[in-house]
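The values are calculated or read from the model by the stated rules, or taken from the named source; none is laboratory data. This one's a predicted model, so the numbers in the text were calculated from it and none came from an experiment. When we count neighbours, we look across all protein chains shown, and the Cβ atoms used for this are built from the backbone with ideal geometry, even at glycine.
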Amino acid sequence: MYHRFGETKYPSTNITVEQLESHLNYLVEQNYRFIQASDLLDPEQQKEKTITVTIDDAYLSFYEVGLPIFEKYQVPVTLFLNTENVGGFNYMSWDQLRDSLRRGVEIQNHSHTHSSFATLDEEAIISEIETSQNLIFTNLNITPNLFAFPFGESSDLAQKTIERYFDAAFGQHSGAFSMNYQYYIPRFPLNENYGSLERLRDISKSLPFESAQLQPSNPTLNPPSTRFVLDVEGGVNGVNCFITDFQGSIEKKMTVVENKLLIELSRMPVSGRLRFNCTKVDNDIFWYGHQYFLN
């Protein structure tokens, strides 16, 4: 997942031209296969060494800087669009979005106002979806079937609501692709700070666990907790987890109980996003991620 291209004043959401070129050059040299996000719904497309590149927010720098580079490497991409900002400062216009469609970019839904779906009630979620779907159909003559949560923030309510409108949905938490989490599919964010070629090599080789579930499962963590349980098909031996919130890494104690991993945090997480990254290296790199949101 990328956001901005060549906008170095925003390092947390930007990727430099040099970094992007190095990523695509490496993946092409390693004979990775590229498909768009909608192709992920087809089991026949879920083959080894397959990569889907997604872009969030439709910043102008995608159109002016990023898209020509993806075209240079013949890499198809999927753009998740939030409709309220179209034509605004530093965002793409409808004309540029139409041109991107003609050039092979897949456009999907990223809400209307880019609000956190973890904080919205059902009525507000429906309004966000129906407003953006109508605007996209009116201006682009397409009906998106995929959704990406703004900020990657979700809830059980949000996922159940968007299931009425979309075939799958994506978060912004790191993890190998798996349809086990059809309405909260992980993606690896890439930016200036986390965009080294070494990281790209690791994440491009990562595989999902056959099945992994973190409890509590609701992405909106209410009430807050310091105790979590990870259940992995095949057992938790060799699994290590890294937990971070807005204050940084959180120390933890991990105990195997009835073949599940009990994770006890050393402190209560602060408000905002709480991310779990659980990995196992066993010839291959297996990677499970989950993101919570705390009010």
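Out of (1) buried (at least 16 other Cβ atoms within 10 Å of the Cβ); (2) part of a loop (DSSP other than H, G, I, E, B), the odd one out for residue 161 is which?
All conditions pass for residue 161, except number (2).
Out of segment 261-295, which residues are more than 15 Å from residue 250 (Cα to Cα), exposed (fewer than 14 other Cβ atoms within 10 Å of the Cβ) and not hydrophobic (A, V, I, L, M, F, W, C)?
Listed by number, the residues that qualify are 282, 283, 284, 295.
Could you please find all residues in segment 251-295 being more than 22 Å from the chain's Cα centre (by Cα), assigned to a strand (DSSP E or B) and among the hydroxyl-bearing types (Ser, Thr, Tyr)?
Across segment 251-295, the qualifying residue is only 255.
Quickly run through segment 249-295 and pick out the residues that are without any contact (Cβ under 8 Å) to a residue 40 or more places away in the chain and acidic (Asp, Glu).
251, 258, 264
Inside segment 109-150, can you point out the residues that are buried (at least 19 other Cβ atoms within 10 Å of the Cβ) and of a type in the set (A, V, I, L, M, F, W, C)?
117, 118, 120, 125, 129, 136, 146, 147, 148, 149
Give segment 50-106 a look and list any residue that's surrounded by fewer than 18 Cβ atoms within 10 Å (Cβ to Cβ) and among the hydroxyl-bearing types (Ser, Thr, Tyr), or say none.
Residues satisfying the conditions are 50, 73, 93.
Considering only segment 84-98, how many residues are of a type in the set (Asp, Glu) and free of Cβ contacts under 8 Å to residues at least 12 places away in the same chain? Can you show your working first?
Filtering segment 84-98 for residues of a type in the set (Asp, Glu) gives 84, 95.
Still in the list and also free of Cβ contacts under 8 Å to residues at least 12 places away in the same chain: 95.
Residues that pass the stated criteria total 1.
Any residue at all in segment 134-152 that is part of a loop (DSSP other than H, G, I, E, B), farther than 20 Å from residue 1 by Cβ and free of Cβ contacts under 8 Å to residues at least 12 places away in the same chain? Write out each step before concluding.
Here is the first cut: in segment 134-152, the residues part of a loop (DSSP other than H, G, I, E, B) are 141-145, 149.
Filter once more, keeping what is farther than 20 Å from residue 1 by Cβ: 141-143.
Add one more test, that the residue is free of Cβ contacts under 8 Å to residues at least 12 places away in the same chain, and what stays is 141, 143.
Within segment 134-152, one or more residues are part of a loop (DSSP other than H, G, I, E, B), farther than 20 Å from residue 1 by Cβ and free of Cβ contacts under 8 Å to residues at least 12 places away in the same chain.
Please list, ordered by residue number, the strands (runs of 3 or more DSSP E) wholly in segment 165-232 having 1 or more residues that are under 17 Å from residue 278 (Cα atoms) and in contact with an Asp or Glu (Cβ under 7 Å, 6 or more places away or on another chain).
212-215, 227-232
Can you tell me how many residues within segment 47-89 are among the polar types (S, T, N, Q), in a loop (DSSP other than H, G, I, E, B) and more than 17 Å from the chain's Cα centre (by Cα)?
Residues of segment 47-89 that are among the polar types (S, T, N, Q), as a first pass: 50, 52, 54, 61, 74, 78, 82-83, 85.
The next check asks that each one be in a loop (DSSP other than H, G, I, E, B); those that pass are 52, 74, 82.
Going one step further and asking which of them are more than 17 Å from the chain's Cα centre (by Cα), we end up with 74.
Number satisfying all stated conditions: 1.
Among the residues of segment 238-260, is there at least one that is among the charged types (D, E, K, R), surrounded by 20 or more Cβ atoms within 10 Å (Cβ to Cβ) and not assigned by TED's automatic domain parsing to the domain that holds residue 153? Please lay out each step first, then the result.
Here is the first cut: in segment 238-260, the residues among the charged types (D, E, K, R) are 245, 251-253, 258, 260.
Adding the requirement that they be surrounded by 20 or more Cβ atoms within 10 Å (Cβ to Cβ) leaves none.
Checked segment 238-260: no residue is among the charged types (D, E, K, R), surrounded by 20 or more Cβ atoms within 10 Å (Cβ to Cβ) and not assigned by TED's automatic domain parsing to the domain that holds residue 153.
Take segment 204-228 and flag every residue that is crowded, with 18+ Cβ neighbours inside 10 Å and not hydroxyl-bearing (Ser, Thr, Tyr).
208, 209, 212, 214, 219, 221, 228 - these are the residues of segment 204-228 that are crowded, with 18+ Cβ neighbours inside 10 Å and not hydroxyl-bearing (Ser, Thr, Tyr).
Within the group 142, 126, 162, 136, which residue is among the aliphatic types (A, V, I, L, M) and in contact with a Pro (Cβ under 8 Å, 6 or more places away or on another chain)? Write out each step before concluding.
Values: 142 fails: in contact with a Pro (Cβ under 8 Å, 6 or more places away or on another chain); 126 fails: in contact with a Pro (Cβ under 8 Å, 6 or more places away or on another chain); 162 fails: in contact with a Pro (Cβ under 8 Å, 6 or more places away or on another chain).
Within the list 142, 126, 162, 136, the selection yields 136.
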